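Enquirer: This is the structure, below, for whatever I ask next.
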Amino acid sequence: MSAAPTVAHDIVKSFIQRFADLPVDLILRVFELLDDSPVIKEFFLYWPATRDVVIQTYYAHELHCLVTPTSQGHVCVDGSAGSEVYDLHFSGEIDEFLTWNPHIIPHKLVLVTGTDFYSLFDLLQKYSERFRQSPQLEVLMEGSRNYVLEDLKVVLSSPNLHRLQLSRYDFEAISPMFLALLPTLENLKIIQFLGHRVNDWSAYTWPPNLLSLDCSWNTHSDVLTLSFNSSLQELYLNMSDVGTHNLQSLYTRLPSSLKVLMLTYNSIDQLYGNRLQDSIEKLDVSFNRIRYLVDDQPTDKILPENLRELNLSSNIINNASLLKLQGYRWPENLKIVNLSGNRFTNLYLLQLPDSVESLNLDGNDVQFYVDGPLIRSYKFPSQLKYLSFYNSKRLMAQIDAAVSENLVKNHVEFPDGLRHLSMIGCNLRSFSSFKFPKFLSELSVVSNLIASVDSYEFSWKEMVNLKKVDLDQATDTSNWAKPPNLNQQRFSSRY
């Protein structure tokens, strides 16, 4: 009877040894298929033969420890790769895992708590030397509890502290001592004070090598009292009382090192984009009241010269706004543009550079065609790869009558490099006015009125890269000569 467990153990051990002898890429493929099961990961972690490859795959880069849940939820995602990472929940599980796996030292260790601060501080003290071996330590704490200085000293004493996030916290209780400690934290690169109660930042001196600062979600905060290090690359001031009364003054205070500026959910009505410094590469001013992008300053640029990503969604940009930009230059290396949720209708006033690769026009009542001696389709940026329209009900306005009168010069054509095209809820009645690019890989036309795929006047089989199509259930596909590599075809209810 007692021999049975030993035999089973030997069989499993033999299997594990043989499995470990497989090529690494094959082992990783098996792990990929079993990725949803942490039990499987821990099983292979138990055996010395597979331990190293498991550690390198799941634990070496980043490990998240959630002592207690946060109100907004914490997404365990590798910030650099965008992939999910392994996470541990609750102090008991975290403690047990760390005890049984002393050899696991992730490059980045993220500690998160919503309410149980004492358990977090206990872990920081118990595994102090262990945690310091990780090159980067990130601590995220949420709640209105007034920490005493001794609590925060446990956190701030870690020389590898890379990121500190304090949400919904009253700083006044420990302000003098906390302010004295901040400038001494040479390795602290990311600070996020969210939903804080700080209205005046005059007394704050930041760590000398700070790269990213987020002081969002306080509508009573005076952003003009903020000081900025010459090392700062990212600044986030969402819902922070930024508007016409202080925007230009804020611009003059920004360091020349700044690359990312986010000012969402404020009351900006004129962006003064031509006054922004050229170092900025990413600008997000969504959810404001922006109508105009430039002022009358004698310059021909619209936005910073090095800008690569622009989010202007949910503003009030109209045709007059775009008309004012005629004669101005867009940044030559602009890649991503989000103009969803605005009010312009004339697509021809939007003269974007050919460098744009992603364009979101959801919710704008634009048309592909405009009146003239001949009705012509809009010319999109030549390097465009992603294009989205949603609920643009007049996208094909005038086209039916124009076709019957032979006024249409050509079909709506898209750039050759376009890969993803979405026209959802746009009152499309057929495919007859379109010529899709040969290498399109994804097409979504749900919530339209397209009766049949046969209305497309060109060959679907020429679209050799088309792998995914989303259609309405009512669209007839009975005689469809499908694209040769189509592997995902979904039907949705129209409304």
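Enquirer: Does residue 380 meet the test of being modelled with pLDDT of 85 or more and not in a loop (DSSP other than H, G, I, E, B)? So that I can check it myself, show each step before the final result.
Expert: Details: modelled with pLDDT of 85 or more: yes; not in a loop (DSSP other than H, G, I, E, B): no.
The answer is no for residue 380.
Enquirer: Take segment 53-75 and flag every residue that is out of contact with any strand residue (DSSP E or B) (no Cβ under 9 Å at 6 or more places or on another chain), modelled with pLDDT of 85 or more and assigned to a loop (DSSP other than H, G, I, E, B).
Expert: The answer is 60, and nothing else.
Yes/no per residue for (1) surrounded by fewer than 18 Cβ atoms within 10 Å (Cβ to Cβ); (2) polar (S, T, N, Q):
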| position | (1), (2) |
| --- | --- |
| 162 | no, no |
| 185 | no, no |
| 188 | no, no |
| 197 | yes, no |
| 221 | no, yes |
| 230 | yes, yes |
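Enquirer: Going by the structure shown, is residue 138 surrounded by fewer than 19 Cβ atoms within 10 Å (Cβ to Cβ) and modelled with pLDDT of 90 or more? Can you show your working first?
Expert: On the way: surrounded by fewer than 19 Cβ atoms within 10 Å (Cβ to Cβ): no; modelled with pLDDT of 90 or more: yes.
No.
Enquirer: While we're here: Might you check whether a residue that is assigned to a helix (DSSP H, G or I), among the aliphatic types (A, V, I, L, M) and over 23 Å from residue 325 (Cα atoms) occurs anywhere in segment 221-244? Please lay out each step first, then the result.
Expert: In the first step, residues of segment 221-244 are kept if they are assigned to a helix (DSSP H, G or I); the result is 223-225.
With among the aliphatic types (A, V, I, L, M) added as a condition, the list becomes 223-224.
Cutting the leftovers down to over 23 Å from residue 325 (Cα atoms) gives us 223-224.
Yes, there is a match, as at least one residue in segment 221-244 is assigned to a helix (DSSP H, G or I), among the aliphatic types (A, V, I, L, M) and over 23 Å from residue 325 (Cα atoms).
Enquirer: Scanning segment 263-320 for residues that are among the charged types (D, E, K, R) and assigned to a strand (DSSP E or B), which turns out nearest to residue 224 (Cα to Cα)? Working first, answer last.
Expert: Restricting attention to segment 263-320, the residues satisfying the condition of being among the charged types (D, E, K, R) are 269, 275, 278, 281-282, 284, 289, 291, 295-296, 300-301, 305, 308-309.
Then keep just the ones that are assigned to a strand (DSSP E or B); that gives 282, 284, 301, 309.
Numbers: 282: 21, 284: 19, 301: 26, 309: 25 Å.
Here the residue is 284.
Enquirer: What are the residues in segment 321-339 that are part of a loop (DSSP other than H, G, I, E, B) and either among the charged types (D, E, K, R) or crowded, with 16+ Cβ neighbours inside 10 Å (or both), if any?
Expert: Let us first name the residues in segment 321-339 that are part of a loop (DSSP other than H, G, I, E, B), namely 324-328, 330-335, 339.
Within segment 321-339, 324, 325, 328, 330, 331, 332, 334, 335, 339 qualify.
The values are calculated or read from the model by the stated rules, or taken from the named source; none is laboratory data. In this text the structure is predicted, and so the values were computed from the model without any measurement. Ideal geometry is used to build each Cβ from the backbone, glycine not excepted, and the neighbour counts take in all protein chains shown.
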